[in-house]
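What follows is one structure encoded as structure tokens, with my remarks underneath.
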Amino acid sequence: MNAINFIAFKLFTIYLQKYFFNMRVNSKIRYGLRTIIEIAISTDPDGVLQKEIAKSQHISLKYLDPIISSLKLKGLITNSRGRGSGYKLTREAKDINMYDIYTAFEPIVIIECINNLGYCDRASHNCKGRSYWNEFRNEITNLMLKKNLEQIIQDTYYECKDLIVQQ
């Protein structure tokens with residue numbers, strides 16, 4: 001390996017460590033999952049009010065607004081009786097998967113050329129790595145499709161004593 005290849009390899013490794021190996025789920029996705037769980041576990045036939053979600057999940061109303069909007073736009077939740085009423089799921093928790101929730105906020109983008117062939121001259125042909133990144137994206141997507149909201153609620157339920165209101 002000559003010096004130029006070695007430097008290019010090192011720069012690529014640093015890039016991967018910074019942007020790939022440290023993949024993070026943004027706070028809207030994390031709070032979106034918490035929000036939809038709160039709605040799903042509610043037994044109130046009138047749904048859950050936004051201010052109740054904000055209070056129980058410790059999310060400001062201002063930050064919760066776009067989260068609720070994204071979940072509604074994706075068709076995952078709806079108002080139980082119109083504007084100003086509580087929120088309910090549009091379908092059973094078992095019929096909503098993590099992919100639905102994630103993509104309510106962000107598309108699955110591993111590298112730009114997978115979703116946008118015009119991004120790079122080599123995206124449609126002559127790119128040796130494209131098939132791997134496409135496979136990687138498919139694996140991530142399949143992982144999210146495998147887990148539904150009902151399973152997430154069952155698998156992660158615990159009693160958080162710090163958040164229980166003392167009477």
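The values are calculated or read from the model by the stated rules, or taken from the named source; none is laboratory data. These numbers come from a predicted model, not from an experiment. Reconstructed Cβ throughout: ideal geometry from the backbone, glycine too, with neighbour counts over all protein chains shown.
Structure notes:
- Residue, modelled with the lowest pLDDT, within the range 52-86, restricted to residues that are in a loop (DSSP other than H, G, I, E, B) and among the polar types (S, T, N, Q): Ser85
- Residue that is nearest to Thr141 (Cα to Cα), among those in the range 74-106 that are of a type in the set (Gly, Ala, Ser) and touching a residue at least 12 places away in the same chain (Cβ under 8 Å): Ala104
- Complete set of residues in the range 88-137 that are part of a loop (DSSP other than H, G, I, E, B), at pLDDT 95 or above and over 12 Å from the mean Cα position of the chain (by Cα): Thr90, Arg91, Glu92, Ile96
- Among (1) more than 14 Å from the chain's Cα centre (by Cα); (2) at pLDDT below 90 - the single one Glu150 does not satisfy: (2)
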